[in-house]
Each structure stands twice: as C-alpha cells, then as structure tokens.
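Colleague: So that we are looking at the same thing, I have put the structure below in structure tokens.
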Amino acid sequence: MSKPLARKLFCLATLLMAGLCANAQSLAPPHAPIIEGQPVPVVPHPDPRSLLKSKLPALAANKQLVFDYWRNLILAGRAEAVDQYLAPTFVEHNPLLPSGAKAVKARVAAMAKKPAPVPATIADLVTLVAEGPYVVLASVSHYPEPDKSGNTYTSTRFDMFRIDGGRIAEHWDSALFRSGEAFTDFGANKAVPVTGTSGMAQHAMIANDDASLFDNKRLAFDLWRHIPDAGREEMAELYLDPTYIQHNPNAATGRAGFQEYFKRRPDAPIQITLKDPLVALVAEGDLVVQVLQTDRQHPDTKQSYSVAWFDMFRIGNHRVIEHWDTASKGELPAVMQQNIQPGH
C-alpha cells in the first residue's frame, strides 16, 4: 500500500472513530460511513424510544405526546385521535394544511378511509429535541436522484410542535411546494404564515438556565451570523470541529467542504443578530435546532409564501461536529446560485 493511500485511510478511520465516540451519549444516531468529499447520508436512530427520555419530566411528557401523535395520526391516520392530541385552536403553518382541530380531523378522516394499525415506533425517526414548550421531530426524507437513474438520496424532514396544556397548539414543518402542488383554499381554517423575530429580541431566544445549553445555542447563533449571513467562510475553524460531518446533499463533509460550499456567499457586514427572522432556537443534550423564517415562490405560479427553514447542529467541545438541514439537491439560496463559479 502506498504511503499517500495509507495516510488517507488512516485519516478517514480517525474521522469515523471520533464521530462514533462523540455519538455515544448523543441524541443523534451514529452516522453512516464517511466518504471523503461527499455528504453523509441521513440515517434513522437505532433506538427511537430512547429519545423519549429527559431529565425534566415536562419535556419527557411533551416528547411522548408528539411521538404518540405522529404514530396515531400521521402514520396510522386515526382521525378520532385528533381530539386527544390537538388543541381546539390548533395553529398550522404549513400552507398545504388547515388550522383548527376540527378541520384537521375532517381532512384526516377523508384521506384515511381505512386507518392503518398504529406502529409501535417511528421507523425513520432521526431524533427528538425538546426545550420549553417546543418539540422538534427530525426524520429521514428520501428524494429521487436528479439524473433520472431511479436511485434515491437522503435529506432531513423537520416538524416542530408547540405544546400548551398537554396538547399540540402549533405546528411548523420544512415542507416546500413542489411543482404540481396547488394552494388549497381552507377558508377560515387556512394555515397561518410563518413569522419570526428580528433584531435584538433574538438574543432572548438564546437564553437557557442550563449553561451548556446556553453555550451551544450561542455557538450556533454566532456561527450563522458570521458564515451563512456574512459570508466569512474563513472563520470556520472557530466553529467547526475537524471531524465535521455534513448531511446537506449539496455540500461535502469535512471543514474544507463547508468552506467551499459557503464561498458562494458574498461577503457582507457582520451583524449582531441574524439576517432572517428567528422562529425558534431549541436545544437539548448536544443538539441545537435553529428555525428561520424564509420567503419562497411557488415553482409554478411564482406566488410568494413563507416557510420555516431548519438547521440542526450537533455540538461537542465547543465546536459543531455534525449538521443536518432540509435541503434537497440543487436547492440553494438565490444569493448562492448567483455566485456559483465554473466547475462548482
């Protein structure tokens, strides 16, 4: 074996072992094998029910509520379960879905003419993250390869729930309109546009009585200010661990892959708040989920709508070790598409 090849294999093995060791006490699943220069596929957690645990009983109850809601309504189509899990004034932010428990119940009943058995678990669950009234459910999403080969690749779907009085009061997700999907007229039960917080009020969303969670949220917030917002990819060493694992299907894993991806962002002044309105910053264990309000256009009609954009970071030793988001292949912000250089 040549020395360069041996060195490369050693480096890859080191990355893999570092990731596995860091994942030992993580809320995230052990990652798939690393291939140098490629994004790492998204995989489900091997023990979904272990994610229901929390040192805070209120958070454990909230996680159990969301877990049971997903199994009964989303997976099994049990319309009668709506009254158990959703508040009567339930607010929906996905523009394809209705608000209000009664409207949700009617829609589920119409779609699921014969309810399926309730599964014991959620097979494609990546993780559950809970803080305060929020629970974020991340799951594996599968997309067809753009080359029409019939193969698929993975990304991450996110759903965020606000719990109030033991029921789900509000829901956001990462769904985008695809070509052929039409805006549905739900009348008075239409979804509510996504709105976030701008300016200095964002800093209050970093607060947490747990010092380690506060530090993790601050790290994610500052990373976003400096690199995605201000285009300062040269600052990656301040924020990213050398073993950085990337699940965005448009970027390569590793710190160098991260820097190459964000070279497409033009430099801008560094601000003390985030450019896009911040909907939520949810932290538990070694994970932080950042939810931003962004504006999109329907691919067919060009009609504007607001959407929640999710990024999830796994943090260890004051550095980001792993990242998930909701991107599909070719899905880049307009500012990055305009700055793609030949050969990228």
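Colleague: With viscosity set to 0.692 mPa s at 37 °C, what whole-number translational diffusion coefficient in µm²/s follows for segment 141-238 from Stokes-Einstein and a Kirkwood radius over Cα pairs? Intermediate results must be reported in sequence, preceding the final value.
Modeller: Working: Rh = 18.0 Å.
Translational D for this selection: 182 µm²/s.
Colleague: Taking the chain as a Gaussian network, Cα atoms linked when under 10 Å apart, which of ARG178, ARG296, ARG319 shows the biggest mean-square fluctuation?
Modeller: Comparing ARG178, ARG296, ARG319 in the GNM, the peak value goes to ARG178.
Colleague: Looking at the chain as a GNM with Cα springs under 10 Å, which of LYS275, LYS113, LYS190 has the largest mean-square fluctuation?
Modeller: LYS113
Colleague: Oh, and also: Kindly express, to the nearest 10 degrees and within the range 0 to 90, the angle between helix 3-22's C-alpha long axis and the longest C-alpha principal axis of the chain.
Modeller: 40 degrees
Colleague: Mind listing the phi-derived Karplus ³J(HN,Hα) values for segment 282-298, rounded to whole Hz, using 6.51, -1.76 and 1.60 with θ = phi - 60°, and x for any glycine or proline?
Modeller: Listing the rounded values in order: 10, 10, 8, x, 9, 10, 10, 10, 9, 10, 10, 8, 10, 9, 10, 10, 4 Hz.
Colleague: Okay, moving on. Select from PRO48, PRO242, PRO144 the residue whose mean-square fluctuation is largest in a Gaussian network model of the chain (Cα-Cα springs shorter than 10 Å).
Modeller: PRO144
Colleague: Viscosity 1.306 mPa s, temperature 10 °C: Stokes-Einstein D of the chain from its Kirkwood Cα radius, in µm² per second?
Modeller: In µm²/s, the coefficient is 75.
Colleague: Taking only C-alpha pairs under 8 Å that are 6+ residues apart, what is the relative contact order of the chain in percent? All intermediate terms of the calculation are to be shown ahead of the outcome.
Modeller: Numbers: 692 pairs, mean separation 62.5, N = 344.
So the answer I get is 18 percent.
Colleague: Same structure, new question: Please state, rounded to one decimal and in Å, the Kirkwood hydrodynamic radius that segment 48-189 gives when every pair of distinct Cα atoms enters the mean of 1/r.
Modeller: Working: mean 1/r = 0.0617 Å⁻¹.
Roughly 16.2 Å, rounded to one decimal.
Colleague: Quick one: net charge of ALA81's neighbours, Cβ under 13 Å, K/R +1, D/E -1? All intermediate terms of the calculation are to be shown ahead of the outcome.
Modeller: Details: positive: ARG71, ARG78, LYS105, ARG167; negative: ASP68, GLU80, ASP83.
Every neighbour counted, the sum reads +1.
Colleague: Taking Cα atoms, how many degrees apart are the long axis of helix 57-69 and the longest axis of the chain, rounded to 10 and kept between 0 and 90?
Modeller: 70 degrees
Colleague: Taking each pair of distinct Cα atoms in segment 24-76 once, what is the resulting Kirkwood hydrodynamic radius in Å? List each step's numbers first, then the result.
Modeller: Numbers: mean 1/r = 0.0754 Å⁻¹.
After inverting the pairwise mean of 1/r, the radius is 13.3 Å.
Colleague: Measuring from centroid to centroid over Cα atoms, what is the spacing of segment 52-102 and segment 176-219 in Å?
Modeller: Going from one Cα centre to the other spans 18 Å.
Here, each number is a calculation from the coordinates, and none is a lab measurement. Not measured: the values here are computed from a predicted model. Using ideal geometry, Cβ is built from the backbone for each residue, glycine included, and neighbour counts are taken over all protein chains shown.
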